[in-house]
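Encoded as structure tokens, the structure appears first; notes follow it.
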Amino acid sequence: MGGGPMPLPRPAPAGPIADARHTCRMKPAPALTYLSGYSVDLLERAGALLQQQKVLPTLVARHGALHAVRTDGALYDYVMALKGQYLRSSDPLARVAYDNRLHVVRSALGLHSTVSRVQGGRLKARREIRIAGLFRQMPEPLLRMIVVHELAHLKERSHDRAFYALCRHMEPAYHQLEFDARLWLTAVEAGEIPGGSNAPPHPVSGKAPT
């Protein structure tokens, strides 16, 4: 993954007595399946943050409070603002929505689709973007990265150099934000950050770009 993410904070070293006391109470290391492919050093630091339940404060401190793009209408406006800024001549979008039924898989953070429908005796393709409902509550830059990723698929179908170049054009910090979004998802899966409508009640910020 080019343009690697910034280093995570290293956990403070503990003395041998403290280490011994903690050994029996330490939680099992959470699975880092969303972070496969990153360096061992980054994985060790991410694992330490997860075990200490410090992912949420770390990412909120880095990216700000949770965004306010909570409804399908707000998400549509947010996506269309970015599309109008960077991909004005790309295929039109027939629908943009959160989908509470969408399962976030390890290698993908959202879903773009082409839906074929018969209209007036003709088969017409409609482009749609659906974002997993758990992304309703996360820092705005992380939502932006996911939207940028799905918008890039309007022009580039494969995850190749051209695709990632387009992602970086729309969001220069794309690779850092992708790592942080995957770390956020890992914390959700580990139980530090409740997902969906049960997300923690932090102040919200972030509006659609103009």
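The values are calculated or read from the model by the stated rules, or taken from the named source; none is laboratory data. Please read these numbers as outputs of a predicted model, since none were measured by experiment.
Report whether or not Tyr34 is modelled with pLDDT of 95 or more and of a type in the set (Ser, Thr, Tyr).
Criteria not met by Tyr34.
Scan (1) closer than 27 Å to Gly64 by Cα; (2) modelled with pLDDT under 95; (3) part of a loop (DSSP other than H, G, I, E, B) for the single condition Pro172 breaks and write down its number.
Result: Pro172 passes all but (2).
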